[in-house]
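Worksheet for the structure shown next.
Computed from the coordinates by the stated procedures, all read-outs in this text should not be read as laboratory data. Since the structure is predicted, the reported quantities are computational estimates derived from the model, not experimental observations. FYI the Cβ positions are ideal-geometry reconstructions off the backbone, even for glycines, and counts take in every protein chain you see.
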C-alpha cells in the first residue's frame, strides 16, 4: 500500500507554512517528515497531531494509493 501526502504539502503552502513550522507546531521529527516526503506510512498519532495543528481532517492530509498488491 502506498500513501500520498501531496494534500498536506499543498495545505502548508496555503497556510504559508514550511515543514519546519509544522515540526515545531506538532513536535514531529525531521525523520517523520522525511518518511512522508517519500510517501511512506506514518503512525495515526502523527496524522492526528497534524490534523489538530492544521485544524483539518485526515482526508485533507493523506490519500491511500491502491496498488495491485491489495
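With contacts taken as Cα pairs under 8 Å at a separation of at least 6 residues, the chain carries a relative contact order of 55 percent.
List 51, 56 from most exposed to least, where exposure is judged by having the fewest other Cβ atoms within 10 Å. Can you show the working numbers first?
Details: 51 19, 56 15.
With the fewest neighbours first, 51, 56 line up as 56, 51.
The distance between label points at residue 63 and residue 21 comes to 2.4 nm (points 7 Å beyond Cα on the Cα→Cβ vector). As a proxy for reagent exposure, ranking 40, 35 by other Cβ atoms within 10 Å from fewest up yields 40, 35. Backbone N atoms of region 10-54 closer than 14 Å to the 7 Å Cα→Cβ label point of residue 2 belong to residues 37-41. Of the labelled figures (i) 61, 31, 17; (ii) 54, 26, 20; (iii) 36, 22, 18, only one reflects Cα extents along the principal axes in Å as derived from the coordinates, namely (iii).
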